[in-house]
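Beneath this line is the structure, given in structure tokens, with notes to follow.
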Amino acid sequence: MQLRSARLDELELELVEPFETSFGVEKRRRFLLLRLETRDGLEGFGECVAALDPLYSSETVATAREMLVHHFLPRLFRLRSPGPREFRNAVAAFRGHRMAKATVESALLDLAARSRGVPIARYLGGRRRRVEVGVSVGIQPSVRLLVRRVGAYRDDGYGRIKLKVRPGWDDRPVGAVRRAFPEVTLWVDANQAYPSAAGPRIRRWATQHRVEQVEQPFAERAIRAHAELARGAPFRVCLDESIIDPVSLEDALAAKAITSLNVKVGRVGGPLTAAELARTARRARVPSWIGGMLESGIGRAHNVQLASLAPFTLPADLSASDRYYTEDLIDPPFALGPGSTLEVPNGPGIGVSIDERVLRKARRSSRTYRP
């Protein structure tokens, strides 16, 4: 493939409702979208999941733009054969900035699959036509509203519910949801909100309310605390922010600090590394699943394609488009199907069409770069 241009758009989409975690509240999402075009007229898209503020990650929209414009795109344009693996090798010397790297690698993967006329799932060896998904429910103003919100998602057809928790918002709301929905598959996610000494208290309420998975309760480097929580626990201990590359995963596996792996493409630096981490976890008998970052339909399409791969066995955080946005960037938007599943799009690349009208409405800035 010979690249003709790279267009970097900054977009903003308003959420259907505020989404609150232990990091804070998001009412709208500002993000970067990369569109690569070849001399043959093919286009590939990559969505950057970095947020405006360095809360979930040290990366932001501003740092990602800096790295893309001044480092990653220039090196991309120098490649004779600009494929996803070639790009990953070309920028390996740059430390960190995984979300910016993942943006380019994802767009190149989209292009590579489109050049062969197949969806990314088939290009990577995925076989599933539908992937099982769940919904992540943010911290609510009251327990009553939380139960009502979970009930609405259950009515929509979601089979797995994940509750955001933090100190002071855990035992009581989780217990209320369990009592209201005794049959539901219930996970919780703390996003590093608890001190390492809170393990016994977390174990107590998680066990009492039959929580099946506790995700990232402690700081990303608190491997020993996670290992202590996981020892003999009746629930899975899932790591998210702690796992950023093969080395961090190997260390967590060796310490027995992880019994479930959340794979986020942006967090680990790209879809190729994401798939490799899931395969490593599977060899250690640790199940994996695809996590979400409030992506638009473009990023969600990438994630759904990746979730079709065999190592991803737990329900993904890839809810339908209307869970987050009234207008999505793709046509048609993702809709929840039978068995709490999303269909893996069968078109070339990410498999979906871009709604240029919505994209223009959401665009806040745009610039095109050429070799």
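The values are calculated or read from the model by the stated rules, or taken from the named source; none is laboratory data. Given the structure is predicted, the values throughout are model-derived calculations rather than measurements. All Cβ positions, even for glycine, are placed from backbone atoms using ideal geometry, and neighbour counts span all protein chains on display.
If the condition is being in contact with a Phe, Trp or Tyr (Cβ under 9 Å, 6 or more places away or on another chain) and surrounded by fewer than 19 Cβ atoms within 10 Å (Cβ to Cβ), then region 312-332 contributes Thr313, Asp322. Every listed requirement among (1) of a type in the set (D, E, K, R); (2) surrounded by fewer than 22 Cβ atoms within 10 Å (Cβ to Cβ); (3) more than 17 Å from Cys238 (Cβ to Cβ) is met by Arg300 save one, (2). Annotation for region 48-69: no member residue is in the same structural domain as Leu329 (by TED's automatic domain parsing), of a type outside the set (D, E, K, R) and over 28 Å from Arg166 (Cβ atoms). Residues in region 158-171 that are farther than 17 Å from Pro217 by Cα and basic (Lys, Arg): how many? Here the count works out to 1. Name the single residue that is farthest from Arg39 (Cα to Cα) among those in region 1-25 being small (Gly, Ala, Ser) and touching a residue at least 60 places away in the same chain (Cβ under 8 Å). Per the stated criteria, the residue is Ser22.
For the structure I just gave you, tell me whether Leu109 is in the same structural domain as Gly292 (by TED's automatic domain parsing) and either in a helix (DSSP H, G or I) or under 18 Å from the mean Cα position of the chain (by Cα) (or both). No. Pairing each residue of region 202-215 that is without any contact (Cβ under 8 Å) to a residue 12 or more places away in the chain with any residue that is not charged (D, E, K, R), provided the two are 6+ apart or on different chains, yields no C-beta distance under 6 Å.
Quick one: in region 328-364, of everything that is of a type in the set (A, V, I, L, M) and outside any loop (DSSP other than H, G, I, E, B), which residue is nearest to Val133 (Cα to Cα)? Filtering first and then ranking leaves Leu342.
Taking region 194-223 as the range and being touching an Asp or Glu at 6+ places or on another chain (Cβ under 7 Å) and of a type in the set (S, T, N, Q) as the test, only Gln216 passes. Here Arg267 fulfils each of the conditions (1) surrounded by 21 or more Cβ atoms within 10 Å (Cβ to Cβ); (2) without any contact (Cβ under 8 Å) to a residue 24 or more places away in the chain; (3) of a type in the set (D, E, K, R) apart from (2).
Glu47 meets each of the listed conditions (1) surrounded by fewer than 19 Cβ atoms within 10 Å (Cβ to Cβ); (2) of a type in the set (Asp, Glu); (3) under 22 Å from Arg363 (Cβ atoms) apart from (1).
Can you name the residue in region 181-240 that is of a type in the set (S, T, N, Q) and under 19 Å from the mean Cα position of the chain (by Cα) and is also surrounded by the most Cβ atoms within 10 Å (Cβ to Cβ) among such residues? So the residue we want is Gln216. Within region 119-140, being surrounded by 19 or more Cβ atoms within 10 Å (Cβ to Cβ) and of a type in the set (D, E, K, R) holds for one residue alone: Glu132.
Let's see how each residue does on (1) in contact (Cβ under 8 Å) with a residue 40 or more places away in the chain; (2) surrounded by fewer than 21 Cβ atoms within 10 Å (Cβ to Cβ):
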site	(1), (2)
Lys101	yes, no
Asp110	yes, no
Gly117	yes, yes
Val143	no, yes
Ala152	no, yes
Tyr158	yes, no
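Do we have any residue at all in region 56-72 that's in contact with a Gly (Cβ under 9 Å, 6 or more places away or on another chain), farther than 21 Å from His302 by Cβ and among the small types (Gly, Ala, Ser)? Within region 56-72, one or more residues are in contact with a Gly (Cβ under 9 Å, 6 or more places away or on another chain), farther than 21 Å from His302 by Cβ and among the small types (Gly, Ala, Ser). Entry remark, region 73-98: residues being assigned to a loop (DSSP other than H, G, I, E, B), charged (D, E, K, R) and over 20 Å from Glu59 (Cα atoms) number 1 in total.
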